[in-house]
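Working notes, structure below.
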Amino acid sequence: MPGKPPVPGKPPAAGEGAEPGPDAPEEPEPPAPPRKGTIRYQEPGQTVPRPPTLAEQRARQRAEDEERERERVALEQAERKSRVRRRVLIGGGVTVGVVAVLAVAYAAAKPKQMTAHCVSKDQVVVNEDYCDENYVRSHGGHVSGGFIFLPGPGGMTQYHYNYGGTGAVGQTVSGGSSVKPPGAEIKTPSGKSIQRGGFGVKGSSGS
């Protein structure tokens, strides 16, 4: 009841308007609501970038040093391969050049070989004895200006060598020339030597 004094030794009832004493426990305060995060927006041309830290600077410097080292190693390897390739090409060129020189020298030293056919003035291939000087002289013939003359039924018959042509006895010779090539090794179809190989060296028979 309002106005009723409290009974000594008895705590006041709830709702009776008693004030809390100094030893009364304090009621806990309600927890504060969580603070929301904030977002900082950077405006182009106005926001100043954060300077890198010392660790970031060292990491960047180390990455740049490693990149330069990789480039240096790659450049040295490329130069080494280029030097080896040039040496191989130069060596191959020298080898090819030496082989070419030797081939030319061998071709120049080796006499050209060809066959000489004895033909009539009509370019028909005849017996090779008709162009042999020993045979011609032993049968009353003679040699003059590269042409061979043998006596026949109608008088002297003319023969000469065809150099380099082809054909069998009784056939018209194909190709060749009546001019004896210097330096060539010339033989008749039977293998008799008309001119030995080498410039200025001639055999004992032929025209």
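Testing the spin-label approximation: label points 7 Å from Cα along Cα→Cβ at A63 and H142. State their distance in nm.
Calculated label separation equals 10.9 nm.
Ranked from highest to lowest mean number of other Cβ atoms within 10 Å per residue, what is the order of the peptides 133-140, 150-157?
With the highest mean Cβ count within 10 Å placed first, the list reads 133-140, 150-157.
Students often check this: by mean Cβ neighbours within 10 Å, which of 122-132, 68-78 ranks highest, and how do the rest follow?
Values: 122-132: 17.5, 68-78: 10.0.
Descending packing order for the listed peptides: 122-132, 68-78.
Every number here is computed from the coordinates shown, using simple stated rules; none is lab data. Owing to the predicted nature of the structure, the values given are computational and were not obtained by experimental measurement. Here Cβ is always computed from backbone atoms with ideal geometry, including for glycine, and neighbour counts include all displayed protein chains.
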